[in-house]
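Working notes, structure below.
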Amino acid sequence: MSTQNDTKISARNVQVYYADNHAIKDVDVDIQDKTVTAFIGPSGCGKSTFLRCINRMNDTIDIARFEGDIRIDGEDIYDKKVDPVQLRAKVGMVFQKPNPFPKSIYDNVAYGPKIHGLAKNKADLDDIVEKALRRGAIWDEVKDRLDAPGTGLSGGQQQRLCIARAVATEPEILLMDEPCSALDPIATAQVEELIDELRQNYSLVIVTHSMQQAARVSQKTAFFHLGYLVEYDDTDTIFNRPKDNRTESYISGKIG
Ligand SMILES: Nc1ncnc2c1ncn2[C@@H]1O[C@H](COP(=O)(O)OP(=O)(O)OP(=O)(O)O)[C@@H](O)[C@H]1O
């Protein structure tokens, strides 16, 4: 079984261009399993772009071009043999704005397992849906109304539903792009607590504008600036003893 110190995602010499805009420059990083890694940095520094490299979501942007090497468990995810749809089942993603499908709560979660053929029969699918909703820490709130539309839930509930939907396909990695920015403080606290629980089973990478949030939820932090990964270390070190002046300036509020 893998442990916290095992490398899950290994990136080398990553460059991303949007047409002529060189948005990610020479990024090397090893992201650990069973760990929450926060990506921080000023607006436009490339956090979301680099996050999207990890499940090849940039492939869906016409003008985006990737160079370099990213491996998950040693396997090159940009290899021609890799099907991006299969990859995205293994590397789930949760977005800034909760985006449940216009379907029932049940169908939101059942959709992925169905298209990936993960359930043998209806009873099996019911089990998968329940397990995912429990992992998303929302089962108790929705178990009596699984047929109700997902879009009818509160913002915080919708985001936990989206997390449940992401975990339903048995991913190994969860990417979260500012998952709490549309949520109130109570819903944010619930999602942060959930992130901490999910760490037991997944490698999580979270983009956040909130340094307090990065400090609360992550064990590792990567500071990006102008497309470069400037510093990557234990979260405690980044916030208390950063080595690079740019990191120090950002965390003390001088840039960004
Ligand atoms: N879909 C896109 N098409 C063209 N350029 C893009 C696209 N997405 C990002 N960029 C550009 O790439 C650079 C990095 O943007 P990115 O969104 O990755 O930064 P970020 O650190 O996540 O920013 P923010 O914190 O504001 O979300 C910026 O110059 C941005 O304008």
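The values are calculated or read from the model by the stated rules, or taken from the named source; none is laboratory data. From a predicted model like this one, the values you see are computed outputs, not experimental measurements. We place every Cβ from the backbone using ideal geometry, glycine too, and count neighbours over all the protein chains shown.
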Report, by residue number, each residue of the stretch 201-215 that is surrounded by fewer than 20 Cβ atoms within 10 Å (Cβ to Cβ) and over 27 Å from R241 (Cα atoms). N201
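Anything in the stretch 142-154 that is in contact (Cβ under 8 Å) with a residue 40 or more places away in the chain and either part of a helix (DSSP H, G or I) or on the phi > 0 side of the Ramachandran plot (or both)? List them, or say none. Steps first, please.
Taking the stretch 142-154 first, the residues in contact (Cβ under 8 Å) with a residue 40 or more places away in the chain are 145-151, 153.
G150, T151 - these are the residues of the stretch 142-154 that are in contact (Cβ under 8 Å) with a residue 40 or more places away in the chain and either part of a helix (DSSP H, G or I) or on the phi > 0 side of the Ramachandran plot (or both).
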Please work out which residue is farthest from the chain's Cα centre (by Cα), limiting yourself to the stretch 46-71 and to residues that are of a type in the set (K, R) and over 19 Å from E231 (Cβ atoms). R65
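Hey, could you check the stretch 39-64 for residues that are among the small types (G, A, S) and either more than 8 Å from the ligand (Cβ to nearest atom) or in a loop (DSSP other than H, G, I, E, B) (or both) and say which is surrounded by the most Cβ atoms within 10 Å (Cβ to Cβ)?
Once the filter is applied, the top-ranked residue is G41.
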Under 9 Å by Cβ, and 6 or more places apart or on different chains, what pairs join a residue from the stretch 25-36 that is modelled with pLDDT under 95 with one that is in a strand (DSSP E or B) and not aromatic (F, W, Y)? none
One residue is enough: does the stretch 176-184 have a residue meeting the conditions out of contact with any Lys or Arg (no Cβ under 6 Å at 6 or more places or on another chain), under 18 Å from A132 (Cα atoms) and not in a loop (DSSP other than H, G, I, E, B)? yes
Which listed residue is surrounded by fewer than 17 Cβ atoms within 10 Å (Cβ to Cβ) and either more than 25 Å from P113 (Cα to Cα) or touching a Phe, Trp or Tyr at 6+ places or on another chain (Cβ under 7 Å) (or both), from S218, S249: S249
Residues in the stretch 17-38 that are assigned to a strand (DSSP E or B) and more than 8 Å from the ligand (Cβ to nearest atom) total 13
The stretch 130-141 residues that are at negative phi, paired with ones that are surrounded by fewer than 16 Cβ atoms within 10 Å (Cβ to Cβ) and basic (K, R) (beta carbon under 8 Å, 6 or more apart): E130/K143; L133/K143
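If you take the residues of the stretch 7-16 that are over 17 Å from L198 (Cβ atoms) and not polar (S, T, N, Q), which of them is nearest to the ligand (Cβ to nearest atom)?
First, the residues of the stretch 7-16 that are over 17 Å from L198 (Cβ atoms): 7, 10-16.
Cutting the leftovers down to not polar (S, T, N, Q) gives us 11-12, 14, 16.
Working: A11: 15, R12: 19, V14: 12, V16: 8 Å.
Checked the stretch 7-16; the qualifying residue nearest to the ligand (Cβ to nearest atom) is V16.
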